[in-house]
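Participant: Mind having a look at this structure? Questions to follow.
The values are calculated or read from the model by the stated rules, or taken from the named source; none is laboratory data. Keep in mind that what you see is a predicted model, and the values were worked out from it rather than measured. Cβ sites come from the backbone with ideal geometry, for glycine too, and all protein chains shown count toward neighbours. Heavy atoms of the whole protein, side chains included, go into the accessibility calculation; ligands, DNA and RNA do not. Shrake-Rupley method; radii C 1.70, N 1.55, O 1.52, S 1.80 Å.
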Amino acid sequence: MRIITLRSSYKTLSVSEVQSMPNVSIREKDDWGFYGHSTINHDYNLKAVRGDVVVVDNATGLMWHQSGSDDYMYWDEAKEWVEDLNSEEDYAGYQDWRLPTVDEAVSLLESSETNGDLYIDPIFSKNQNPLWIWTGDKEIKSMEEVSEDEDSSEAGWYVNFNDGFVHGSIVSFTYSYVRPVRSVE
């Protein structure tokens, strides 16, 4: 089986760059992102590793935290949550968990509601509701979008599994959940 390699390093991306990602079918473009789904034919396996539950996607070579965070949080808090996961908990025996790139997070989007009312495979927990997850990527904001408050100038990308929306948002104004990922060796 050929592994589809997704970008795993963070970038600052414009809306048009996100709308041009490979392995995505867009049903509607928006000024702030798009509604769509992944075109990857996943091969998910649910595994318990050292008492922790993970989802391994053999199609992409990624290992996902099956349930993710219990609480939603600002972007900076999300990055800290992952750091804590690596340093304190050593989840599933690994210390290289990270926020997904927007490419990786979008890869989880299903073409229809397959997990109750969510656009994510039922192998993933649906305890996070509403299910929006942060990515580690930043969004380029235009001057019209940035207020004089410097806290509003940093924007990040998140993926919404409630409706398949990929959106950029000011990180100090938006709460989302965390679903950490790591690359499988």
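Participant: In whole angstrom, and with the biggest value first, how far do the Cα coordinates of the range 12-155 range along each principal axis?
Facilitator: For the range 12-155, the Cα extents along the three principal axes come out at 49, 35, 25 Å.
Participant: With a 1.4 Å probe and all protein chains in place, put ILE26, ILE3, ILE170 in order of accessible area, largest first.
Facilitator: Most to least solvent-accessible, the answer reads ILE3, ILE26, ILE170.
Participant: Kindly provide the pair-distance distribution of the range 17-85 built from C-alpha pairs, with 5 Å bins from 0 and whole-percent values in order of increasing distance.
Facilitator: The distribution over the range 17-85 is 3, 13, 15, 14, 18, 24, 8, 3, 1, given as percents.
Participant: What are the lysines whose alpha-carbon lies under 20 Å from the alpha-carbon of LYS79, with same-chain residues fewer than 8 places away excluded?
Facilitator: LYS11, LYS138
Participant: If you don't mind, another one. Quick query: amide H of ALA155 versus all other amide H atoms, modeled in the peptide plane; which residues come in under 5 Å with a sequence gap of 5 or more or a different chain?
Facilitator: Hits under the 5 Å cutoff: GLU139, VAL171.
Participant: Summing Lys, Arg as +1 and Asp, Glu as -1, what charge do residues with Cβ under 13 Å from the Cβ of THR60 carry, THR60 excluded?
Facilitator: That sum, taken over residues with Cβ under 13 Å, equals -2.
Participant: Positive end of the dipole of the chain, charges at C-beta (+1 Lys, Arg; -1 Asp, Glu), about the Cα centre: which of PRO22, PRO100, GLN128 has its Cα farthest in that direction?
Facilitator: Positive-most Cα among the choices belongs to PRO22.
Participant: Rounded, prolate or oblate: which one fits the range 53-112, using the alpha carbon gyration tensor with axes a ≥ b ≥ c (rounded when a/c is under 1.5, else prolate when a/b beats b/c, else oblate)? Working shown, then result.
Facilitator: Working: a/c = 1.97, a/b = 1.31, b/c = 1.50.
Oblate shape, in that a/c is at least 1.5 and b/c is the bigger or equal ratio.
Participant: For ILE40, what is the net charge nearby, where nearby means another residue's Cβ is under 14 Å from its Cβ and Lys, Arg count +1, Asp, Glu -1? Mind showing how you got there, number by number?
Facilitator: Values: positive: ARG2, ARG7; negative: ASP43, ASP57, ASP103, GLU104, GLU110, ASP121.
Overall, the nearby charge balance is -4.
Participant: Mind checking the angle between helix 75-84 and the chain's longest principal axis? C-alpha axes, 0 to 90 degrees, to the nearest 10.
Facilitator: On a 0 to 90 degree scale, this one is about 30.
Participant: Now for a separate question. Would you mind finding the longest exposed-site-free stretch of the chain, with exposed trypsin sites (Lys or Arg not before Pro) meaning DSSP loop and at most 12 other Cβ atoms within 10 Å?
Facilitator: Formally, the longest exposed-site-free interval is 51-185.
Participant: Considering only C-alpha atoms, what is the centroid distance from the range 106-140 to the range 49-64, in Å?
Facilitator: Each part reduced to its Cα centre gives a spacing of 16 Å.
Participant: Additional query: So how strong a dipole does the chain carry about its Cα centre when Lys and Arg Cβ are +1 and Asp and Glu Cβ are -1, to the nearest 20 debye?
Facilitator: 920
Participant: Just add up the charged neighbours of SER111: K/R +1, D/E -1, any other residue whose Cβ is under 14 Å from the Cβ of SER111.
Facilitator: Net charge around SER111: -4.
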